[in-house]
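The values are calculated or read from the model by the stated rules, or taken from the named source; none is laboratory data. Keep in mind that what you see is a predicted model, and the values were worked out from it rather than measured. Here the Cβ positions follow ideal geometry from the backbone for every residue, glycine too, while neighbour counts run over all protein chains shown.
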Amino acid sequence: MKCTCPYCDKKMDDDPEDCYEPNECYEWECLNCGKLFVFYVEYERIYREIKADCLNGGEHDYQRTCTYPPEFAKARCTICQKEIEP
């Protein structure tokens, strides 16, 4: 995340790393002009669509999960994430 000062429009080089709670008001000082401002963290929902032929009559692509201990491993489809006992 890069903040931009609302006073001088300078992008901040330092990320406010400890500021991640949505709807929380954070105070920050611009290193360029020295003015204090506040900001809020917002998250944008982004979707990534993938064809799931396995849900439409095709074959599932099951791969064994990496689980410790190994006897608790499952077989998980790499496309739809459905799990079955191996």
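Quick notes on this one:
- Hits in the stretch 53-76 (condition: among the hydrophobic types (A, V, I, L, M, F, W, C), modelled with pLDDT under 95 and surrounded by fewer than 13 Cβ atoms within 10 Å (Cβ to Cβ)): Cys66, Phe72
- Selection within the stretch 61-85 - without any contact (Cβ under 8 Å) to a residue 24 or more places away in the chain and in a loop (DSSP other than H, G, I, E, B): Asp61, Thr65, Cys66, Thr67, Tyr68, Pro69, Ala73, Lys74, Thr78, Gln81, Glu85
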